[in-house]
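S.K.: One structure, as C-alpha cells, below. Some questions next.
A short reminder: the numbers here are calculations on the coordinates, not readings from a lab. Since this is a predicted model, take the numbers as computed values, not measurements. Reconstructed Cβ throughout: ideal geometry from the backbone, glycine too, with neighbour counts over all protein chains shown.
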Amino acid sequence: MDFTQFIRTIPDYPKPGIMFRDITTLISHPEGLSASVEALVSHYVPQNIDIVAGIEARGFIIGGAIAQRLGTGFIPVRKQGKLPWKTIGEDYELEYGMDRLEIHEDAIGAGARVLLIDDLIATGGTALAAATLIDRAGGMVVSAGFLVDLPELGGAGKLEDRDIPVHVLCAFDGE
C-alpha cells in the first residue's frame, strides 16, 4: 500500500519552509489505519517484543494498537510533568531550546525487549532521548518503527548508528 496517499502535507507549518506531514488523515481513514498497524505488526511479530513504548502524542495512537496486536503492554513516553507517579527523565535538545521526556520509574522490567514507536522520524532527537531513557530504565530498544521518515534530516541513521534498527512505512523528501 502507498501510505503517502493518506498523509496530508501542510506547507509552512509550524513555520515558513516546513512541509508538515499530517498523519491524522491516515489514522482517520479505516483502511489506512488498519493497513499501517498491520504492516508494522507483521514486521515485528518475529522479534519477541516484550513491551511497546510510544512517544507522546501520536506515538500513543499507533503504539497502543501495535501493542494490543502483539499481545504486549504499552508504555507512554511523555513530556515532563504529565505522569502521575515517580518518574525518570531524559533532557534533549530542540531546534529552539530544551525539552524532557519521562516514563514511570517502574515501567520497564530489567532486560525487557522494547519496541519504540512514533508517527514520524525527522532529526531523531526525540527518538534518541526516548531510547536513552529506556536504556536507563533497564530496557533494551530492539527496534524503532515509524509511519513516516524524512530521510534528509538523518534521524533514522542516528538511531541505526546506536544499533537500533529502524522500520518505516513511507518517506518524504525534504523537511
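S.K.: Relative to the compact-globule scaling 2.2 N^0.38 Å, provide the ratio for the alpha-carbon radius of gyration of the chain. Could the numbers behind the result be given before it?
M.R.: Working: Rg = 15.4 Å, N = 175, 2.2 N^0.38 = 15.7 Å.
For the chain, the normalised Cα radius of gyration comes out at 0.98.
S.K.: Express as a percent, rounded to the nearest 5, the fraction of DSSP beta bridges in the stretch 47-171 (both residues included) that run antiparallel. Could you put the intermediate results ahead of the total?
M.R.: Details: 10 of 32 bridges.
Percent antiparallel among DSSP bridges in the stretch 47-171 is about 30.
S.K.: So, with +1 on the Cβ of K and R and -1 on the Cβ of D and E, and no other charges, what is the size of the charge dipole of the chain about its Cα centre, to the nearest 20 debye?
M.R.: Numbers: 14 positive and 25 negative charges, 101 e Å.
Computed about the Cα centre, the dipole is about 480 debye.
S.K.: Taking neighbour counts of Cβ atoms within 10 Å as a proxy for exposure, in what order, fewest first, do 20, 6 appear?
M.R.: Numbers: 20 14, 6 22.
Placing the least packed residue first, the sequence is 20, 6.
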